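Structure first, commentary second.
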Amino acid sequence: MKTYHPAQALIIGSGAGGAMTAHVLASAGMEPLVIEEGKRWILSDYGNNCPDGMQKMYRRRGMTPIMGSVPIGYAEGRCYGGGTEINSGFWHRTPPEILLRWKAQYDLEASYPKDLEEHFLWVENQLHVSLYDKPWPASTRIFARGIEAMGWSYQEVPRVVENCEGLNYCPNGCPGGAKQSMSRTLLPQAEQAGAKVITNCRVKLLIKQKKRVTGVLAVVQRENGSEELIRIDAENIFVCAGATETPALLRRSGIRFHIGDSFRIHPMLKVAAKFDEEINAHKSVLPLLQVKEFWPEISLGGAFFAPGHLAMILSENWLSHKDQMNCLRNMAIFYVAARGIGKGTIRSSRTGEDATSIRYTLAREDLGNLSKGLAYLSTLLLAAGAVAVYPSVYGLGPLNNEIEAIRWLDELLPKSGLSLTTIHAFSSCPIGERIDRCAANSFGKVYHYDNLYINDGSMIPDSPGVNPQGTIMGFARRNAMHFVEEQ
Ligand SMILES: Cc1cc2nc3c(=O)[nH]c(=O)nc-3n(C[C@H](O)[C@H](O)[C@H](O)COP(=O)(O)OP(=O)(O)OC[C@H]3O[C@@H](n4cnc5c(N)ncnc54)[C@H](O)[C@@H]3O)c2cc1C
């Protein structure tokens, strides 16, 4: 077996958390080594149709099941840059109220808004966090119209983009390079500063010796389909493999203290809405607004639109709704997201193959919030002029008037008919000083180990209630800088 020279720092995963860690360590002169399971794509590979994009850049082509009382479809990135290559780029700082709740519940050190301010500011400058600089597309204008009709407040959410052409390619990778994903920003900068990145390489196991992790066993996938098992020794290891694969890797390496037992998500319910006017959502950037009126428990927003995505929503009641596919120019897709009070578990496959088992128990509060959210969203869309709203719920809809919509404020949606999705996952290895519930200390150092760290979505102690990339990057920078100072 080939053994690589010891690295001072080995980083597993090159997504939001891993790229940030690599950038901070490389800037401090540490020459970190990044191992990424997915492939390094170039701009000309980006922007293909959804099935191609998902085959290239997503784990399990974007079809990871979360098991539980309600089926939940989960998608995450698997490529150089991780989820930041395929996400919509919406940017939020962690809301102050949420930071204070984490302080109270997890005794998270150095996590007041003032402690994170410099990290958020730094990322916002680097990733060009900004508002859309062109006129809003029809789907955004219609959404605004409905929100105003309800008398609610909304905000255009800033995104990590520069010169977005609104081409509707976000989930397939941005072919114009407008999205400031990690492959466009922090990763190449880290490589210039001395970081090395090995792609097509999946870490199977951490090698332990008492309270230290001395290296990893990993499998490199060659272009010709062959595989090679390698060993890489390292002085410090950062696991940044994302909210599902970080706990999976730790657990199968025998590291299980509060690991993979408190997985959280933002469960999402999607609807398609049909209008008399043409929207052409399949040709424009997704709706740019979010309704925070009912935050933190409920958020409403707009989702990516492609014919396949519309078909998935209509397929819940295909026989009666399939003809709506002919009206796709007049349709747009929106979502209700709950903050996610339920909890789940992550369990690894023993052999290290890509077969992690994910469970989530939808809390009664989640069901209530999704039901209420559907009432709010559908009423809003009808007020905006929708002629029908098609929820992704078997046996339900279309909702054609306010009375059919508003009833879900007081009734629970049938669990047996729900088809939920999520793209926001976290909290499987929470950080904080509360050793009775946390997997790692406030700066991501895994309890009971001297040189093992986590620095990705898995460390987020609880649902942030907002798109998570900002929270992950802010905390990852804070933690990596703390590590550098300690060395
Ligand atoms: C379609 C979509 C849209 C989204 N939209 C938004 C949005 O608009 N705004 C927002 O804030 N968030 C959004 N998100 C979520 C956001 O992208 C993620 O929360 C974020 O990327 C997670 O960062 P991370 O570092 O935890 O993990 P990731 O970014 O998922 O990176 C983990 C990396 O580790 C690699 N890896 C895993 N296991 C191993 C292993 N054993 N060995 C080697 N490498 C490994 C993976 O291949 C992956 O590249 C979206 C996500 C998706 C999927």
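All of the numbers you see were taken from the coordinates with simple rules; none came from a lab. The structure displayed is predicted, hence computed values, not measured ones. Backbone-built Cβ (ideal geometry, glycine too); neighbour counts: all protein chains shown.
Results, tabulated for the structure shown:
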read-out: Dimensionless Rg ratio for the chain, taking C-alpha atoms and the 2.2 N^0.38 Å reference; value: 0.95
read-out: Modelled label reach - Arg347, point 7 Å along Cα→Cβ, the stretch 36-68 residues with backbone N closer than 18 Å; value: 65-68
read-out: Candidate aspartates and glutamates - alpha carbon under 18 Å from Lys134, same-chain residues fewer than 8 apart omitted; value: Glu156, Glu162, Glu165
read-out: Distance in nm between pseudo-label sites at Val219 and Ala355 (7 Å out along the Cβ direction from Cα); value: 1.1 nm
read-out: Tensor-based shape of the stretch 1-145 (alpha-carbon gyration tensor, a/c under 1.5 rounded, otherwise prolate or oblate); value: rounded
read-out: FRET efficiency estimate (nearest 0.05) - Cβ-Cβ, Ala363 to Ala149, R0 35 angstrom; value: 0.65
read-out: Inverse of mean 1/r across different Cα pairs in the stretch 328-487, Kirkwood, Å; value: 18.5 Å
read-out: Candidates per chymotrypsin sites (Phe, Trp or Tyr not before Pro) in the stretch 62-139, loop by DSSP, up to 11 other Cβ within 10 Å; value: none
read-out: At most 14 other Cβ within 10 Å, DSSP loop - trypsin sites (Lys or Arg not before Pro), the stretch 162-225; value: Lys210, Lys211, Arg222
read-out: Long pairs among Lys103/Lys270; Lys196/Lys445; Lys179/Lys445; Lys103/Lys196, criterion Cα-Cα beyond 27 Å; value: Lys103/Lys270; Lys179/Lys445; Lys103/Lys196
read-out: DSSP bridge pairs, the chain: antiparallel proportion in percent, nearest 5; value: 70 percent
read-out: Between the stretch 413-487 and the stretch 269-337, the alpha-carbon center distance in angstrom; value: 30 Å
read-out: Sorted peptide list for 361-372, 436-447, criterion being average Cβ within 10 angstrom, highest first; value: 436-447, 361-372
read-out: Asp450 paired with Lys134, simple spin-label distance in nm, labels 7 Å along Cα-to-beta-carbon; value: 5.7 nm
read-out: Sparsely packed trypsin sites (Lys or Arg not before Pro) within the stretch 247-300, loop by DSSP, other Cβ within 10 Å at most 10; value: none
read-out: The chain: calculated mean residue ellipticity at 222 nm from DSSP helix runs of at least 4, using -39500 (n - 2.57); value: -8000 deg cm²/dmol
